[in-house]
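Quick notes on the structure that follows.
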Amino acid sequence: MRELDDELRHVLRRESPPAGFAERVAQRAAHGRSPRRLTRWLAAAALVAAIAGGLEYRQIVTARAERAAGEAAKAQVIQALRITAGKLQIVRAKVREVGS
Amino acid sequence: MRRMLCATALIVLAAHAAQAQDITIPVNIDRLSAKAVESVNVTVDGALLQLAAKFLSQSDPEQRAVKNLISNLKGVYVRSFEFAGPGEYSDADVDALRAQLKAPLWSRMVNVRSTRGGENVDVFFKMEKERIAGLVLIAAQPQELTVVNIVGAIDLDQLASLGGHFGIPKVDAGTVHK
Amino acid sequence: MGEPAALANSGEIGATAPDDFAGVVRQHEAMVFSLALHFLRNREAAEEVAQDVFLQLHGALATLQSAEHITFWLRKVTCHRAIDYGRRRKWPQVSLDDVAELRAQVSARDPMLTRRLRRIIASLPEKARIVVILRYQEDLTPIEIADVLDMPIATVKSHLQRSLARLREKIVAFIGDVTT
């Protein structure tokens, strides 16, 4: 059996839509036809999705950069504490050695 | 065979904090990274420290402990160098740092010397109103030099409580803080 | 209805991006259609969702700032629409393998395993399912998935971990059945 990841990529690989898809979309867009079966509920959901998708793209990029910087800073802090504690441990061992 | 102790000089970087005297790393110490086979450089202060705290989870007990520990800190600085052999840095370099850690602002709380491995460790505290306002560690070994400066109210009990997590060794805070 | 002027004149669109709406559709149709297809497991429903997404894109194109933004926007809107469609329709689960249009799979892969995996993916809760699809169809990182779905990263990782554990467990059980 192949690796699960490999198998999932195969199962979920992109597939082309039926022939003529792009032309059908272009035709509907050109004739200003509203989407089929657009219920009020779907329209509201689409509006939310459009607003969400239309959010300042830069905000997404900025948030991602902040997250990367934050994770890096967090890793550095933990590394610093690790080194500090390690050296204090040496001191402790020496003090104990002297005391014994 | 015992592993050769690396000369670890903890260069205490007294970062600027409130009206504290500035302690700077001599340029020749920073240049040691060019000679080191491995080096660590940590500089996290101000906004970066707050950012790190932001990404420490409040719901995870381990991360919450680190978050609490750094909440009173103003900066964390580490320079650590591991060399291929002895003689890559001089005592004068380390003395230049120690010279900045003078009373009344700084007190050397611990001084450990090892005649066998040539390992020297100094721990300095800066006290303000009878509370620790800064910590400096200098650990000097023939092939390793490490400097740690923590600016702010470091709680050694909290640091000790992190022992066993994140690869942090357990520390008995009571032993150091005499 | 003419082409959105912003798209035709925009210098913001990446150098390789087509400069007409139809071109954008052709560039991204497989991605959009497949997201819907793998989520809904029905080709007719997937085409309906995909068409609606592109019609919505036609109206929003002027607000999108770059080729990257278009891709991000399409993934986000397709996921939302596919989830909404699935909730609304309760589309009957027709096996993709039964549809005649599927191209013949000439490969060394085990078709039974493939079929089994598809069924297991379809049985995942909707949020977990869309996370797995974005991960393995689009090769997105957890951070990128979190941005598309507006979901905390920890939640994304949790969905991935649990889903993969479930997939492994079911596949092991399946293989066990086959070999005995």
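Any read-out appearing in this document is the output of simple, stated calculations on the displayed coordinates, not a laboratory observation. All values reported here derive from a predicted model rather than from experimental measurement. Every residue, glycine as well, gets a Cβ built from its backbone with ideal geometry; the counts of neighbours run over all protein chains shown.
Averaged over the residues of peptide C:117-127, the number of Cβ atoms from other protein chains lying within 10 Å of each residue's Cβ is 1. Mean per-residue shielding of peptide C:48-54 is 5, counting Cβ atoms of other chains within 10 Å of each Cβ. Remark: mean inter-chain Cβ contacts per residue of A:18-30 equal 6, using a 10 Å Cβ-Cβ cutoff to other protein chain atoms.
Please report, to one decimal in angstroms, the Kirkwood hydrodynamic radius of segment B:34-78 built from all distinct Cα-Cα pairs.
Values: mean 1/r = 0.0855 Å⁻¹.
Kirkwood radius, segment B:34-78: 11.7 Å.
Calculate the FRET efficiency for B:Asn68 and C:Lys170 from the Cβ-Cβ distance with a Förster distance of 45 Å, rounded to the nearest 0.05. Don't jump to the answer; show the numbers that get you there.
Values: r = 42 Å, r/R0 = 0.94.
In this case the efficiency is close to 0.60.
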